[in-house]
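The values are calculated or read from the model by the stated rules, or taken from the named source; none is laboratory data. Keep in mind that what you see is a predicted model, and the values were worked out from it rather than measured. Virtual Cβ from ideal backbone geometry, glycine too; neighbours counted across all protein chains shown. With ligands, DNA and RNA removed, areas are computed over all heavy atoms of the protein, side chains included. Shrake-Rupley method; radii C 1.70, N 1.55, O 1.52, S 1.80 Å.
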Amino acid sequence: MPSQIRYFIGNWKMFGIPSSIKILDKINHYFKQDKKNNRKYKVIIAPPHTLLQDFSYKYKKKKIFICAQNCYYKDNFGAYTGSISPFMIKKTGVNHIIIGHSENRARGENDKIIKEKILLCLKNNFNVIFCIGENKNEKKKKMTIKVLKRQLKSAIEKKYNLRKIVIAYEPVWSIGTGRVPSSYELRKNIITIKKFVKKHFKTRHEPKILYGGSVDKKSVYNFKSIKELDGFLIGGASKSSKDFIDIIKNFYK
Ligand code: 13P
């Protein structure tokens, strides 16, 4: 077993209907025949809530994992119209969940709510993909590291099992814009996050850090050389099996 397993996670956002399962089927087909590399990576797809039950049932015994995109910050059942709790999502058979995406932060999800969500997701034994990232203005003011540290400190507690949390560094200015950080800049930030997590949370566990923001078959070449990078959170390019597979192909080329 290679020591570093990389993640290729597709975040479909508000995309997908039942027939979109064919995208997973094609990715699964590619994965199965990619004998040369498929022990080196893990594929996770996050469809909308409406598809979780169906997809997780169909992919129960397969190598592609299904992931939820978010949850409510209260658990079990309650009078919260339109909301879905971590407990309810877990019952669909899903074991992974994305928390703290900047698109949700932009709609009012603050550090306190994110903290609640992570706690409840860990209680429900989810693997959490926790998104952090600075916006354009914060980057301009050279506040990137300060922002990342705040986001990490406010959401995670020292007693948490960090093996259940994968951090996705997604600079807000790079999401859906076609702009990506230079490999030098990205590597520097990834290393800083890893060091900070180990020191602050007093852990010897090597945290997993992914990058997200305009990852596609071309931009992935910029990141190949970053050994410290543990994979990608992919938005737009995950809606097409071909684009998603091309990212994996080009990464290992
Ligand atoms: P894009 O890949 O479309 O930039 O989106 C990234 C993202 O937000 C993944 O969570």
The alpha-carbon center of segment 229-247 and that of segment 175-191 are separated, in whole Å, by 16
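Quick check: residue separation of Thr177 and Lys74 times 0.36 nm, minus the Cα distance between them. What number comes out in nm? Intermediate results must be reported in sequence, preceding the final value.
On the way: separation 103, 0.36 × 103 = 37.08 nm, distance 3.30 nm.
33.8 nm is the gain from fully extending Thr177 to Lys74.
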Probe of 1.4 angstrom, ligands and nucleic acids ignored: what's the accessible area per residue over the chain, in square angstrom? 51
Suppose the chain between Phe87 and Lys60 were pulled fully straight at 0.36 nm per residue; how much longer would it get relative to their current alpha carbon spacing? 7.9 nm
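Among Arg6, Arg204, what's the order by accessible area (1.4 angstrom probe), most exposed first? Before the final figure, lay out each step's value.
Details: Arg6 30, Arg204 230 Å².
My answer, sorted largest first, is Arg204, Arg6.
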Could you give me the radius of gyration and the Dmax of the chain, taking only the C-alpha atoms into account and expressing both in angstrom? 17.2, 51
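Ordered by packing density, taken as the mean number of other Cβ atoms within 10 Å over each peptide's residues, highest first, how do 92-101, 105-114, 229-238 rank?
Details: 92-101: 22.0, 105-114: 13.7, 229-238: 23.9.
Top of the packing list down: 229-238, 92-101, 105-114.
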Using modelled amide H (1.01 Å from N, peptide plane; none on Pro or chain starts), what sits under 5 Å from the amide H of Arg6, excluding residues fewer than 5 places away? Tyr41, Lys42
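Given the peptides 26-36, 241-251, arrange them by the average over their residues of other C-beta atoms within 10 Å, most packed first.
Highest mean packing first, the order is 241-251, 26-36.
State the volume of the convex hull built on the alpha-carbon positions of segment 1-144, expressed per residue in Å³ and rounded to an integer. Could you put the intermediate results ahead of the total?
Details: hull volume 21.2 nm³, N = 144.
It comes to 147 Å³ per residue, whole-number rounded.
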Taking amide hydrogens as modeled 1.01 Å from N in the peptide plane, which residues meet the under 5 Å criterion relative to His96, leaving out close sequence neighbours? Ala68, Asn127
Treat every Asp and Glu Cβ in the chain as -1 and every Lys and Arg Cβ as +1, leave all other atoms uncharged, and give the resulting dipole magnitude about the Cα centre to the nearest 20 debye. 940
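Could you give the size of the charge dipole of segment 106-222 about its Cα centre, using +1 on the Cβ of each K and R and -1 on the Cβ of each D and E, expressed in debye and rounded to the nearest 20? Walk me through the numbers on the way to the answer.
Working: 30 positive and 10 negative charges, 107 e Å.
Approximately 520 debye in magnitude.
For each pair in Lys40/Lys142; Lys42/Lys195; Lys61/Lys158; Lys40/Lys194, compute the distance between the two Cα atoms and list the pairs where it is over 27 Å.
Beyond 27 Å: Lys40/Lys142; Lys61/Lys158.
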Roughly how many whole Å is it from the C-alpha centroid of segment 6-43 to that of segment 106-121? 28
